[in-house]
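Notes for the one structure printed next.
The values are calculated or read from the model by the stated rules, or taken from the named source; none is laboratory data. Remember, predicted model here, so these are calculated numbers, not experimental data. Positions of Cβ are generated from backbone atoms using ideal geometry, with glycine treated the same way; all protein chains shown enter the neighbour counts. For the accessible areas, the whole protein counts, side chains as well, though only heavy atoms, and no ligand, DNA or RNA atoms are used. Shrake-Rupley method; radii C 1.70, N 1.55, O 1.52, S 1.80 Å.
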Amino acid sequence: MSAKRAVDLTGSLFLLLLLSPVLLAVAAAVALTSPGPVLTRRERTGLGGRTFTMLTFRTTRAESLTPVGRLLRRRLLDTLPQLINVVRGEMSLVGPPPLPPAAPGSTAPAFGADRARQALRPGITGLWQISGRSELPWEEMSVLDLHYVEQHWLGLDLWILARTVPAAVAGRPAVRVA
């Protein structure tokens, strides 16, 4: 087992145990504030281009954010179920974000940044998340992802994990609707 996988497994199991009251509270809040399943399941592409089902807390209803969903996304709490994906070996604590699989019927292979991302397990957090998250232009997020793919090492992972906690606590800036 690699050191990265050992940190992923130990860290995700520890976080699941430590955050179990939070997970239960969030699940209850989602269930009590809007009808539907507590978790959403989305197909994503992981290591080597293999698809897996990524778990998140449900944050939308009828294609719009619920009030609880807005809070969950702002504080990154919607991604906590992905710790299960880490335990299962489908994701890592740190890595490039998981991408949707190619469109059904598409035979085009992954090229460029998408192919490079498939060299590593996708992560719950990464350079893009601690560097501005969704406020960054897509091109800049891709550059950060590629930088991580080329330069990743355990020390960088630990630094990113340490920076993720303050980023989650600070939350993402509120999106203003005109």
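Assorted remarks:
- Considering Val175, Val143, the condition of being assigned to a helix (DSSP H, G or I), at pLDDT below 90 and open to solvent by 70 Å² or more (accessible area, probe 1.4 Å) is satisfied by Val143 alone.
- So Leu16, is it closer than 18 Å to Val87 by Cα and of a type in the set (A, V, I, L, M, F, W, C): yes
- Taking region 51-88 as the range and being part of a helix (DSSP H, G or I) and more than 26 Å from Arg115 (Cα to Cα) as the test, the residues that pass are Pro67, Val68, Gly69, Arg70, Leu71, Leu72, Arg73, Arg74, Leu77, Asp78.
- Index of the failed condition, Arg133 passing every other in (1) among the basic types (Lys, Arg); (2) modelled with pLDDT under 85; (3) open to solvent by 30 Å² or more (accessible area, probe 1.4 Å): (3)
- Residue within region 37-51 that is under 25 Å from Ser142 (Cβ atoms) and surrounded by 21 or more Cβ atoms within 10 Å (Cβ to Cβ) present: yes
- Hits in region 74-88 - residues which are open to solvent by 20 Å² or more (accessible area, probe 1.4 Å) and modelled with pLDDT of 90 or more: Leu77, Asp78, Thr79, Leu80, Ile84, Val87, Arg88
- Flag for Val68 being closer than 22 Å to Ala167 by Cα and open to solvent by 40 Å² or more (accessible area, probe 1.4 Å): no
- Restricting Leu71, Leu55 to residues that are more than 20 Å from Asp8 (Cβ to Cβ), out of contact with any Gly (no Cβ under 8 Å at 6 or more places or on another chain) and modelled with pLDDT of 90 or more narrows the list to Leu71.
- Of all residues in region 1-30, those satisfying the criterion of being farther than 14 Å from Leu154 by Cβ and either buried (at least 16 other Cβ atoms within 10 Å of the Cβ) or touching a strand residue (DSSP E or B) at 6+ places or on another chain (Cβ under 7 Å) (or both) are Ser12, Leu15, Leu16, Leu23, Val26, Ala27, Ala29, Val30.
- Of the residues making up region 1-50, those that are at pLDDT below 95, outside any helix (DSSP H, G or I) and among the hydroxyl-bearing types (Ser, Thr, Tyr) are Ser2, Ser34, Thr45.
- Residues that are at pLDDT 70 or above, surrounded by fewer than 21 Cβ atoms within 10 Å (Cβ to Cβ), in a loop (DSSP other than H, G, I, E, B) and not aliphatic (A, V, I, L, M), drawn from region 89-115: Gly89, Pro97, Pro100, Pro101
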